[in-house]
Amino acid sequence: MRYILTLIIGALIGGALIYYFFVGVPQSAKLPGEPVRAPEAGGSPPGTAVLTLDENFFNTLLGTIFRDLNAPTFKLAAMQGDAASPFAFETYGSRHFRFIKTQETGGGGCQSQIVVTPEGSGVRTGVSLADGQIVAPLAFTGGYNALGQCLNFRGWAKANIALSFKADEQTLYGQINVQSVNLEGISPFLGGIVTQFVQNSINQRVNPLILMRGTQIGLAVPVQAAGGTLRANAKDIRAEIKDGALRLHITYDFGGAKGQPN
């Protein structure tokens, strides 16, 4: 009985150490600015414009990225240390670190990265807008170099996107929050570890997203007859998500600048 208990305790401690060194404790990155809230029940204040973006807009945008640009790719690990050493440190947040086997990623080496694909595992990468949420299923493939062993995997992640607005930067931010990861090509023994690692990597290495900023939000309209330029900076952004559309209620602070319009 003592031998069995020792094995069980050893397995638990070993699993905890593997999780700590290869995954770390989940940490949430703070989204810049203030969270975007729903519009006021009594209606938007004066000086508010409504910008409507539907699912077709977002999915056409994603399709163009896959067609005309490279597939979105990001590293799973940030290598630090001496290239001559067989091991290196990988920092994770402000308090955690792991030992990882270093290996060149070029020349057919193991790529410690995730590549978002248009579709895979029966899922198409896209955006769904309903019930107050921006939902984004993400199909992906990837690999991870763990102590000299290359773990190749594929699957899809269920994620939602939170919005925030930072007025002094005139920037609308987004944050991808991965809720679950479904993997293929990974043994059950390593599946939980890799799932959490993929989840944390997407949550922390991609965010925050810059969705709109500067001239994409503000206005600068030359008015020749009045001898100046009408300017408007966004002071608040609200959002409603329903019926397959995202409606941004942008409230502006208007002002004029006399002189030669530019």
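Brief remarks on what is shown
- Sequence of LYS30, LYS235 when ordered by accessible area, the most exposed leading, probe 1.4 angstrom: LYS30, LYS235
- Rounded if a/c under 1.5, otherwise prolate or oblate - the range 117-178, Cα gyration tensor axes: oblate
- Residues GLN260 and GLN179, FRET efficiency given R0 of 41 Å [Cβ-Cβ distance, rounded to 0.05]: 0.20
- For ARG247, ARG238, ARG231, the ranking by accessible surface with the largest value first comes to ARG231, ARG247, ARG238, using a 1.4 Å probe.
- Additional length obtainable on full extension of the chain from GLU34 to LEU51, 0.36 nm per residue less Cα span: 4.2 nm
- LEU183 accessible area, 1.4 Å probe, all protein chains in place, Å² to nearest 10: 50
- Rough spin-label spacing in nm, given labels placed 7 Å along Cα→Cβ, for ASP243 and LYS158: 2.7
- Averaging the sequence gap over all C-alpha pairs within less than 8 Å and six or more residues apart, then dividing by the number of residues, gives the range 113-260 a relative contact order of 19 percent.
- Taking 30 Å as the straight-line reach from the Cα of LYS166, the lysines in range (excluding those fewer than 8 positions away in the same chain) are LYS30, LYS75, LYS158, LYS235, LYS242, LYS258.
- Counting Lys and Arg as +1 and Asp and Glu as -1 over every other residue whose Cβ lies under 13 Å from the Cβ of ALA49, the net charge comes to +1.
- ARG213 paired with SER128, simple spin-label distance in nm, labels 7 Å along Cα-to-beta-carbon: 3.1
The values are calculated or read from the model by the stated rules, or taken from the named source; none is laboratory data. Note that the coordinates shown come from a computational prediction; the quantities given were computed from them, not determined experimentally. Neighbour counts are summed over all protein chains in view; Cβ atoms, including those assigned to glycine, are modelled from backbone coordinates with ideal geometry. Only protein heavy atoms, including side chains, enter the accessible area calculation; ligands, DNA and RNA are left aside. Shrake-Rupley method; radii C 1.70, N 1.55, O 1.52, S 1.80 Å.
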